[in-house]
Structure formats: structure tokens, C-alpha cells
Amino acid sequence: LDREILDDAARLSADDLLALSRPGFVVKFYDTLEDFYLAEALEYINAWRQATPERPAGICGPIGPTEQLPLVARLVNELELDLRHAHFWGMDEWVVDGREAPESFALSFARADRELCFDRIRPELRMPDANLHFPKADARAYIESWRHARCVVMQGGQGEVKHWAFNDPP
């Protein structure tokens, strides 16, 4: 990006950031990291609670931060939330030799999502594997999944490198 744009962005105050909220894009501040991670986890729960047989619904989540993922699993288990009609779209994956990294790859994002969240949910509450959507080099099935379930919320961000995450510097 142009240096002037980067400098302008770095000068934004907290009030300036809040003023960026608009329909479909809400800016929120949290007092602690724990409160932020809980808010992130509750976005999963609130999205999945909207899922019905007639209107499946879900959330699109980045790989980072990950601290909310075990909280999501714990909340699902504690609330006994049946995820049969819920969906999850992972938004990130590594590409190795022109293909998406396999889940056996140590840094696989799909693997991390499963290990930190989905594998920790009690089996009788888990969403069907077909409702877990991870990016592939051939994106056709991933894109087609958008026609069969509503994405309630997309966590994450976008910026100069096409992904300003929560912990990226200004």
C-alpha cells in the first residue's frame, strides 16, 4: 500500500476505529484478552444456535487467534448444543507444492481446528464431517458449500497483505 495510507492508518485513534463500524462490519473493544476470546467463542455458539434442518447455519473462522477454540468446544459440551445442522468454514490453509497441506502436515490449519476444537466436542454433539469445510486448491466444493448453509458471521480481517489478523501490528 501507499506509504501515506499506511501512515494515516497508524494515526487512527480508538474513537476513529469505533467510527468505522457500519452495517455488516462492527468494531468492538474488549477490556481483557480473556473477554475477547470468550466473545470470539460465543460468536461460534450464537451462529450454531441458529442452525436448523430447514436453515443450516455456521461461522467462518480464521486460524488465529486460536485461544477461543477450546472454549468453543467446552461451551458446546456444557450447553449440550447439537451441531447436526451447524457448519464451519475454515478460511486459511497452507499450500505445499501447489496443493493444500494435508492434515498430517504439522502446520495444517484444518488439523489445528480439529485438535483445538472439533475433536474436543463430545461425539454425539459434533457436526457431521461433511459440514466442516476447509479450503482446497480446487475450491469448487468449498464454494458450493456456501449454497447449502448460511454463514452467520465471518471472523477475521483484511488489509495490505489481504489478512490483517487480530494480533498484526498497525
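The values are calculated or read from the model by the stated rules, or taken from the named source; none is laboratory data. Here the structure is a predicted model, which means the values were calculated and not measured. Because the Cβ atoms are built from the backbone with ideal geometry, glycine has one as well, and the counts that use them run over all protein chains shown. Calculation scope for accessible area: heavy atoms of the full protein, side chains included, ligands and nucleic acids excluded. Shrake-Rupley method; radii C 1.70, N 1.55, O 1.52, S 1.80 Å.
If a residue must be touching an Asp or Glu at 6+ places or on another chain (Cβ under 9 Å) and either within 18 Å of Glu124 (Cα to Cα) or of a type in the set (A, V, I, L, M) (or both), how many such residues does the range 52-75 contain?
Residues meeting the conditions: 6.
In the range 106-130, which residues are closer than 18 Å to Ala73 by Cα and either among the basic types (Lys, Arg) or assigned to a loop (DSSP other than H, G, I, E, B) (or both)?
Arg111, Arg114, Cys117, Arg120, Ile121, Arg122, Pro123, Glu124, Leu125, Arg126, Met127, Pro128
Can you give me the number of residues within the range 32-58 that are crowded, with 17+ Cβ neighbours inside 10 Å and among the charged types (D, E, K, R)?
The number of residues fulfilling the criteria is 2.
Which members of the range 73-102 meet the condition of being farther than 20 Å from Glu144 by Cβ and under 18 Å from the mean Cα position of the chain (by Cα)?
Result: Ala73, Arg74, Leu75, Val76, Leu83, Trp94.
Just to verify a result, which residue in the range 30-64, among those that are in a loop (DSSP other than H, G, I, E, B) and in contact with a helix residue (DSSP H, G or I) (Cβ under 7 Å, 6 or more places away or on another chain), is nearest to Phe88 (Cα to Cα)?
Checked the range 30-64; the qualifying residue nearest to Phe88 (Cα to Cα) is Ile63.
Out of Glu103, Glu78, which single residue is more than 26 Å from Val26 (Cβ to Cβ) and either touching a Ser or Thr at 6+ places or on another chain (Cβ under 9 Å) or in a helix (DSSP H, G or I) (or both)?
Exactly one residue qualifies, and that residue is Glu78.
Could you tell me whether Leu79 is open to solvent by 40 Å² or more (accessible area, probe 1.4 Å) and of a type in the set (A, V, I, L, M, F, W, C)?
yes
Need pairs with beta-carbon distance below 8 Å; first residue in contact (Cβ under 8 Å) with a residue 40 or more places away in the chain and within the range 100-126, second in a loop (DSSP other than H, G, I, E, B) and of a type in the set (S, T, N, Q); sequence gap 6+ or separate chains.
So the pair list comes out as Ala112/Thr66; Leu116/Thr66.
Mind listing just one residue for me: the one in the range 81-96 that is in a loop (DSSP other than H, G, I, E, B) and touching an Asp or Glu at 6+ places or on another chain (Cβ under 9 Å) and, of those, nearest to Asn131 (Cα to Cα)?
His85
I'd like to know if the range 21-31 contains one or more residues that are acidic (Asp, Glu), at pLDDT 95 or above and exposed (fewer than 13 other Cβ atoms within 10 Å of the Cβ).
Within the range 21-31, the first condition is being acidic (Asp, Glu), and the residues that meet it are 31.
Keeping just the survivors that are at pLDDT 95 or above gives none.
Checking the range 21-31: not a single residue is acidic (Asp, Glu), at pLDDT 95 or above and exposed (fewer than 13 other Cβ atoms within 10 Å of the Cβ).
Report, by residue number, each residue of the range 82-129 that is of a type in the set (A, V, I, L, M) and either open to solvent by less than 80 Å² (accessible area, probe 1.4 Å) or touching a Lys or Arg at 6+ places or on another chain (Cβ under 8 Å) (or both).
Leu83, Ala86, Met91, Val96, Ala101, Ala110, Ala112, Leu116, Ile121, Leu125, Met127
Scan Leu107, Leu71 and give me the residue that is of a type in the set (A, V, I, L, M) and out of contact with any helix residue (DSSP H, G or I) (no Cβ under 6 Å at 6 or more places or on another chain).
Among Leu107, Leu71, only Leu107 is of a type in the set (A, V, I, L, M) and out of contact with any helix residue (DSSP H, G or I) (no Cβ under 6 Å at 6 or more places or on another chain).
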